[in-house]
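The values are calculated or read from the model by the stated rules, or taken from the named source; none is laboratory data. Just so it is clear, the model here is predicted, and its values are computed rather than measured. Note that we place each Cβ from the backbone using ideal geometry, even for glycine, and neighbour counts take in every protein chain shown. The protein model used for the area step is the full one, side chains on, heavy atoms only, and it has no ligands, DNA or RNA in it. Shrake-Rupley method; radii C 1.70, N 1.55, O 1.52, S 1.80 Å.
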Amino acid sequence: MELCLFAIVLYFGGNVMNNVGNAIHMLVLLKSRGKLKISELAELLEVDKRQIRRYKDALDVAQINIKSESGRYGGYSLESDAYLVGLNINDEEFNSLLIANEQLANHPVSKDLNFLIDKIKVLYKESQNKSLSDMYMFKGTKENVDRMEQQKKYFDFWAAIVSKNKVWMDYASLSGEKGRVIRPYAFYQYRGDTYFAAFCEVRNEVRDFKLSRVRSYKVLEEGFEVPRDFDLRDFMKDCIGNHKGEQLEVCLKIQFPMSQIVREKVWVE
């Protein structure tokens with residue numbers, strides 16, 4: 001495999017990293033999904049069709065032979081499947097991964113997760129299995145956002161969490177837009193939306209913020225320390241969904257059939 005990579009690097013010369021990465025990604029896609037049209041590969045790799053043909057040429061130079069078929073049902077496919085090594089992945093493990101991926105379909109890093117699953121499909125040899133989409137689906141809403149913009153925002157805030165840098169942001173809360181400085185602590189998902197917990201220097205408390213409501217932002221050079229007693233699980237404890245407030249003692253009498261629906265979920269921990 002090292003010799004194959006070396007041959008691809010020599011083929012591309014300049015702008016090596018992006019082209020080599022995409023050529024290998026194309027190899028993984030063909031290995032995991034079988035025959036794909038040039039237009040399908042171009043869409044998946046976010047390049048034009050001419051670039052896909054260049055990736056094929058580079059793989060051919062590396063002696064990884066890509067079969068090309070013309071016509072309505074044509075496309076690219078691998079002539080051999082001996083380029084990658086398999087792992088001992090069983091049906092239950094593989095199906096569990098696909099089900100989890102369905103539920104994370106709207107996460108900002110879902111594209112990277114899909115690529116990882118493509119790699120695992122190569123090792124697992126998905127041809128042994130029927131498509132799970134025929135037997136399972138996840139029903140839910142998704143964020144009405146620009147995917148690429150949301151992904152960049154996610155990684156910028158994630159970097160600020162890791163490096164412990166304050167962030168200035170223009171945030172559109174339900175009460176109106178307002179600029180504020182925050183100290184981001186952690187991310188979480190709720191009903192298909194991405195939220196983060198952060199200390200707000202305007203409100204002087206830890207609050208929830210919805211990532212899609214951040215209109216503009218700037219990661220600041222000023223750092224911060226996360227309080228030792230902050231724990232995301234404690235912060236989310238006793239919420240109904242992600243809604244917090246005064247603790248109340250209530251007694252509900254719920255009639256059938258709603259009582260059956262209620263008992264099927266743990267609403268608060």
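Probe 1.4 Å, all protein chains in place: accessible area of Cys251 in Å², nearest 10? Estimated to the nearest 10 Å², Cys251 gives 130 Å².
Full extension of the chain between Leu248 and Arg215 gives 8.4 nm of extra length, using 0.36 nm per residue less the Cα-Cα distance. Write out the GluC sites (Glu not before Pro) in segment 158-267 meeting two conditions: DSSP loop, and at most 12 other Cβ atoms within 10 Å of their Cβ. Listed in order of number, the matching sites are Glu225, Glu246, Glu249, Glu264.
Take the Cβ-Cβ distance between Arg54 and Arg147 as r, set R0 to 25 Å, and report the resulting FRET efficiency rounded to the nearest 0.05. E(calc), rounded to 0.05, equals 0.45.
Legend: distances between Cα atoms for Lys35/Lys153; Lys111/Lys152; Lys67/Lys119; pairs beyond 24 Å are Lys35/Lys153. Largest first, the residues Ile240, Ile38 sort by 1.4 Å accessible area into Ile240, Ile38. Qualifying trypsin sites (Lys or Arg not before Pro) in segment 166-269, where qualification requires a DSSP coil assignment and no more than 15 other C-beta atoms within 10 Å, comprise Arg191, Arg203, Arg228, Lys237, Lys244, Lys253, Lys265.
On the beta carbon distance between Asp156 and Glu205, with R0 = 22 Å, the FRET formula returns roughly 0.40.
With just the Cα atoms defining each centre, how far is segment 55-73 from segment 191-209? Give it in Å. Centre-to-centre (Cα) distance: 50 Å.
Ligands, DNA and RNA excluded, the heavy atoms of Asp238 present near 90 Å² of accessible surface to a 1.4 Å solvent probe.
Surface calculation, 1.4 Å probe, protein heavy atoms: Trp267 sits at approximately 140 Å² accessible.
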